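See below for the structure under consideration.
The values are calculated or read from the model by the stated rules, or taken from the named source; none is laboratory data. Predicted model only: the values in this text are computed from it and were never measured. All Cβ positions, glycine included, derive from the backbone under ideal geometry; neighbour counts span all protein chains shown. Only protein heavy atoms, including side chains, enter the accessible area calculation; ligands, DNA and RNA are left aside. Shrake-Rupley method; radii C 1.70, N 1.55, O 1.52, S 1.80 Å.
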Amino acid sequence: MKTGFSADQLRKAYLDFFESKLHKVVASDSLVPLNDPSLLFTGAGMNQFKEYFLGVKKDLKRAVSSQKCLRTGDLDEVGRTPYHHSFFEMLGNFSFGDYFKKEAIEWAWEFLTRVLEIPKDRLRVTVHEGDREAFDVWHKTIGLPESWIYRCGDKSNFWPANAPQDGPNGPCGPCSEIYYDQNPRTEGTPVDDSGKFAEIWNLVFTQFDRKDGGTLEPLAAKNIDTGMGLERLACVLQGKSSNFETDLFQPIHEAILKALSVTREDAASGPLYCIADHLRAVVFCISDGVVPSNEGRGYVVRKLIRRAVWQAHQLKPDIKKPFLHLAMTGVLAAMGSAYPELRDSEENVRTVLRQEEERFLKTLAGGLKILEETIASHKESGKTVLSADSVFELYDTYGFPEELTRMIAEQKNFSIDRDGFERLMEEQRVRSKESSKIAGEIFAKSDLAGIPAEIPGTRFLGYESLTARARVLWHQREANRVSVILDQTPFYAESGGQLGDQGMLESGQAAIKVFDTRKLDKYYLHRGEILRGSLENGAAVEAKVDAGVRAATMRNHTATHLLHAALRQYLGGAVRQLGSLVAPDRLRFDFSFGRALTPSELYAVETAVNERVLRDLAVHTHVKKIEDAKKEGALAFFGDKYGETVRMIDVSDFSKELCGGTHCARTGEIGLFLILAESSVASGVRRIEAVTGLEALRHVRTLQGQLHEISKMLKVGVADIPMRITKLQEALKQKRQGTKNADPGADSAQLIGSADQVHGFGVLIRLFDDMDIGALRGLSDDLRSTGKKLVYIIASKQEGKLSVLAGISADLKKSSFDMKVLFGRLSEILQLSGGGRPDLVQGGGPDLGQFHQRQEDVKRILGDYIREKGF
């Protein structure tokens, strides 16, 4: 047996072997399935070949791949068993109506016994109890003794499991599994619980189409779908007892221990293995454009990160700093050569990891304290199930995923009310939906109810023309507003972030100003205002798109593509489009990245776009098969459902994207591209807002006008504005310092010494004349840092306004003293409004002399509050 094989060598050997058998080597698909919204993550090698298995695509007969996969069904087992993982690589060879059982079995045996030289007597197989064909190939062709072949039922040797009885309907079939004997000296079989044999390869023979009632009809084209875990195979070839001991994980373990400053001797294997697994998973996810959030894929990533941090807490209970962003160096060392995109996205992944860890670490200690107190109170009451309210509070307030709370609770022999928690989560989702008013819901699917089913779909002509003669198929009028469906239209309907066209529908009987166009199933819905007359179904109209609005929109859409390409050029391939808005007057682009862009990066991106604009490059539109477009490097995005044929927008040597929108013919039509703002939308998601063409010119002119006004106010030329502002700031700073120093009553030490004593507390109430808020805050800082058991309320009256700061000294910060509560009582008599923290509140209002007049009342209320708190 070739025991010296590294995981990289195993991967290559497998791909090379099946390439020699005339299989096409296909690169791993993204963990985020680009063209299958039914999947949360890619969970098997066959996912990207789904349309071949279904017979939709027929240009490929044999394929082989090493697919990165993510499954979260057995997270509790990760780190506890030698073989469970969330992220793993699946080696797979596939046949789409070409070879079948004989070749699949023969080649699997050849690869294992000849290429990898695994001893034949260490291998055993299973077949479906009704699959005589597979049994005969193993026995008569391969030559295995009957005693080495185990017949099993639908649960273990049919795909999907138990499909004949339980469904689902669709392609299915028996399978044959290959097992490796891990310890020849012990007794056991592949079908018992001894653990003697480890499954290494599953060969699925997709030969049936399940129908209602469990009927299995033979497929016209039979398929092969095999899967072999690279981690398990490496474990066998490297002579290890656990996948986590292979070269796929050793660099990750070392990086984790180094980041935590923990020795291997002091690190329990379970938590270490779990951290390594989860870290590998989140690095790949973030690299593929998934960012932590509270929904969908993002929630899975957030949950994995927080589980990893908790496991680190088991290795090092006093952990206070992020470590995963440092430990990911191990993932790059182990996987970077096979997946170079990891290195391209390294900076972004590190930043996202660090930010997410910092966020969780801030709440971890508080959450653990609450959880411990909750468990203790439940235990005192004789309960062993944590209430749904407690679990939900930990999730909602402290960011504890339900699984993390359950995992910690189980260590204390507690369970959780999971059903109740899910009920509370659903109630929160409903409240969230009700509170968000989404304009797009105007055109929900239910709007189809008013459209007769026999009406044919709208034919789109807008790529070639801005005008068309059309016939009204259906319309609906409310007052002077109308929605119209035409048999054909040049109006582009809102899609892919691009807003719908505007324009006119005109005939001898009516004129309609179209202000929006939406796609509703197969129809284009033109919404507008009736300027004159009325419409009738069947009437002929002239449909005219507003050419100026369309041109402005096209400028912004083409500029969006250039922006995306420039961001990937300067920030790396991990940048993924997460949303966009293409309007006539602006563009907005949301993308995955873990930090704010520096001014120099924004300048570089903006310059790169404008360089392509100045070069007046041709913008080519190609209609081709999606596979051909992807081969050429065209970017496709999750959430967009692509057909067999796609439109590819190609800006020579810079940008290629699949896109159904409208675009400029040449980049020079954009005119000018200006970035207005860059901001954060969510954790790991950035947003750029920009303008082009005439809007960019208007923006420049507005800035020029503002600069001119400022130069007039400061009485200097435009070029001298920065220097003049610097001098004014310095003068203002000196004035503030002088004001503070000039007031003999503003010395913090003297003020603390003059404080009244109330129930053992120093109470300071003082009003100053003409002290600006900056000086007042400085004084507050001094009082807070140097005072002891001090409660202070300081105020300043200036130009008819009263500013107040109410605070406590630093030694009282952890007490139950709450200045927000106290300020609430004082605000009524002082006629102020404000807010802040328990240790410091700022307020203000008109100066009516009330602070001076009501100082005794203020002192009384303060004394009452101190007495109430029992100090």
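Largest to smallest in accessible area, the residues 387, 261, 66 fall in the order 261, 387, 66 (1.4 Å probe, all protein chains included).
Ranked from largest, the principal axis spans of the Cα set of the stretch 76-227 equal 47, 41, 28 Å. Using a probe of 1.4 Å on the protein chains alone, the accessible area found for residue 823 is around 20 Å².
Using a probe radius of 1.4 Å on heavy atoms only, what accessible surface per residue do you get for the chain? Whole Å² is fine.
Per-residue accessible area for the chain comes out at 46 Å².
Per residue, the average separation of C-alpha pairs within less than 8 Å and at least 6 apart gives the chain a relative contact order of 7 percent. About its Cα centre, the dipole of the chain is roughly 1720 debye, where the only charges are +1 on Lys and Arg Cβ and -1 on Asp and Glu Cβ. Secondary-structure-derived ellipticity at 222 nm for the chain, considering helices only, amounts to -12000 deg cm²/dmol, per-run term -39500 (n - 2.57) for DSSP H runs with n ≥ 4. Of the residues 73, 672, 164, the one whose Cα sits farthest towards the positive end of the charge dipole of the chain is 672 (charges of +1 on Lys and Arg Cβ, -1 on Asp and Glu Cβ, taken about the Cα centre). For the chain, the Kirkwood radius over C-alpha pairs fed into Stokes-Einstein at 25 °C and 0.890 mPa s yields D = 74 µm² per second. Please give me, ordered by residue number, the chymotrypsin sites (Phe, Trp or Tyr not before Pro) of the stretch 189-246 that lie in loop per DSSP and have at most 11 other Cβ atoms within 10 Å. Sparse-neighbourhood loop chymotrypsin sites (Phe, Trp or Tyr not before Pro): none present. Ordered from highest to lowest accessible area with the whole protein assembly present and a 1.4 Å probe, 109, 138, 148 read as 148, 109, 138.
For residue 128, the solvent-accessible surface with a 1.4 Å probe is about 20 Å², rounded to the nearest 10. If R0 is taken as 60 Å, the Cβ-Cβ distance between residue 121 and residue 427 corresponds to a FRET efficiency of 0.50. Counting only protein heavy atoms and using a 1.4 Å probe, the accessible area of residue 699 comes to about 60 Å². Over the stretch 259-299, all Cα pairs binned in 10 Å intervals from 0 give whole-percent P(r) values of 25, 40, 26, 10, listed from short to long. When the Cα convex hull of the stretch 292-413 is projected onto planes of every orientation, the mean area is 8.4 nm². The Cβ shell under 12 Å around residue 256 holds other residues with a net charge of +2, Lys and Arg each +1, Asp and Glu each -1. According to the Kirkwood expression over distinct Cα-Cα pairs, how big is the hydrodynamic radius of the stretch 212-294, in Å? It works out to 16.2 Å.
With +1 on each Lys and Arg Cβ and -1 on each Asp and Glu Cβ, how big is the dipole of the stretch 201-351 about its Cα centre, in debye rounded to the nearest 20? Value, rounded to 20: 440 debye.
Just to be sure I follow: if Rg is taken over the C-alpha atoms of the stretch 173-249 and Rh is the Kirkwood radius over the same atoms, what is Rg/Rh?
In the stretch 173-249, Rg relative to Rh is 1.14.
Counting charges near residue 203 (Lys, Arg +1; Asp, Glu -1) among other residues having Cβ under 9 Å from its Cβ returns a value of -1.
Just so you know, the averaged projected area of the alpha carbon convex hull for the stretch 744-853 sits at 6.4 nm². Heavy atoms only, probe 1.4 Å: what % of the accessible area of the chain goes to carbon and sulfur, would you let me know? Carbon plus sulfur share of accessible area: 49 percent.
Which of 635, 461, 830 sits farthest toward the positive end of the charge dipole of the chain, with +1 on the Cβ of Lys and Arg and -1 on the Cβ of Asp and Glu? The one lying farthest along the dipole's positive direction is 830. Applying D = kT/(6 pi eta Rh) to the stretch 595-730, where Rh is the Kirkwood radius over alpha-carbon pairs, T corresponds to 4 °C and eta to 1.567 mPa s, the Stokes-Einstein value obtained is 71 µm²/s. Just name one of 39, 591, 802: the one whose Cα is farthest towards the positive end of the charge dipole of the chain (beta-carbon charges, Lys/Arg +1, Asp/Glu -1). Farthest towards the positive pole: 802.
Cβ-Cβ distance of residue 689 and residue 665, R₀ of 41 Å, FRET efficiency by 1/(1 + (r/R0)^6): the value works out to about 0.95.
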